[in-house]
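Engineer: Please find one structure pasted underneath; my questions will follow.
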Amino acid sequence: MISIGMDVGHDHDPAALAVLQATDRLRDGSHRPVWDVLEVGNIALRTPFQELAALAVDLALEFRIAGYPVVLTIDATGLGGPVVELARTRSPDLQVIALTIGGGRTLTHHAPDEYTVGKHRLTEVLQVALEQQGLLVPDTPGGEAFTEQARRFVRKPTAGGGQKHEAAGSGHDDLVLAMELALWTGDTFHDQQAGVPI
């Protein structure tokens, strides 16, 4: 299985893409696979939405043509919504998950391929994978940048007593978010196959 995650980004925060492939190995004590990170990196700042959708969809279709089951997850929060619709229009038969980021441990399944997932859940799925050595991150510029962003990713208390999950200081967290999107969907699919409720 190939799971692709795209963080759409904002005016001063570039979009990012993560491509994971499930290996034949399971993590110790888990039904979830070890994921091989085939690619992780940024997309040029201010890339038009149409191009972002085309890039993600065309990449997914390349894997599908090669015989892999593939799912594409796009951050549908804010500016991401139009990119989801453009991706679905470009390839109506490709499974495109629209994932809106909510607060805390929120988890709502609105419709087929439409979810709201709390930032805490997304962060948790990445932390668990890292602790279980469930991600094989490549020794590439993108892999190194992701590792550095993950190292700087912190939980911060909010005035309302909750927690925010974001990059420390003025750093970016786009690669972390792209990875979390791909990982959450990939792990969720394996949970469903194993009969584990999400």
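Engineer: Over segment 51-133, consider all pairs of different Cα atoms and compute the Kirkwood hydrodynamic radius from their mean reciprocal separation; express it in Å, one decimal.
Structural biologist: 13.7
Engineer: Next question. Does segment 69-108 classify as rounded, prolate or oblate by the C-alpha gyration tensor (a ≥ b ≥ c root eigenvalues; a/c under 1.5 gives rounded; else a/b over b/c gives prolate, otherwise oblate)?
Structural biologist: The shape class here is oblate.
Engineer: Continuing with the same structure: Using the C-alpha atoms of segment 1-96, what convex hull volume per residue, in cubic angstrom, is computed?
Structural biologist: Here the figure is 105 Å³ per residue.
Engineer: In addition: So which trypsin sites (Lys or Arg not before Pro) in segment 1-81 pass both tests, a DSSP loop state and at most 12 other Cβ atoms within 10 Å of the Cβ?
Structural biologist: In loop regions of segment 1-81 (DSSP not H, G, I, E or B), the sparsely surrounded trypsin sites (Lys or Arg not before Pro) are Arg46.
Engineer: Return one whole number: the accessible area per residue of the chain in Å², for a 1.4 Å probe.
Structural biologist: Value for the chain: 48 Å² per residue.
Engineer: Where the Cα atoms of the chain are projected onto their three principal axes, how long is each span, largest first, in whole Å?
Structural biologist: Reported extents, whole Å, longest axis first: 46, 42, 37.
Engineer: About its Cα centre, how strong a charge dipole does the chain have in debye, to the nearest 20, once Lys and Arg get +1 and Asp and Glu get -1 at the Cβ?
Structural biologist: About 520 debye.
Engineer: Report, to the nearest whole %, how much of the accessible area of the chain belongs to carbon and sulfur atoms, 1.4 Å probe, protein only.
Structural biologist: 52
Engineer: In percent, how large is the relative contact order of segment 1-88, given Cα pairs closer than 8 Å and 6 or more residues apart?
Structural biologist: 34
Engineer: A further question on this structure: Where does the chain land at 222 nm, in deg cm²/dmol rounded to the nearest 500, when only DSSP H runs of n ≥ 4 count, each adding -39500 (n - 2.57), divided by all residues?
Structural biologist: -12000 deg cm²/dmol
The values are calculated or read from the model by the stated rules, or taken from the named source; none is laboratory data. Just so it is clear, the model here is predicted, and its values are computed rather than measured. As a convention, Cβ positions derive from the backbone with ideal geometry for all residues, glycine included, and neighbour counts pool all protein chains shown. Heavy atoms of the whole protein, side chains included, go into the accessibility calculation; ligands, DNA and RNA do not. Shrake-Rupley method; radii C 1.70, N 1.55, O 1.52, S 1.80 Å.
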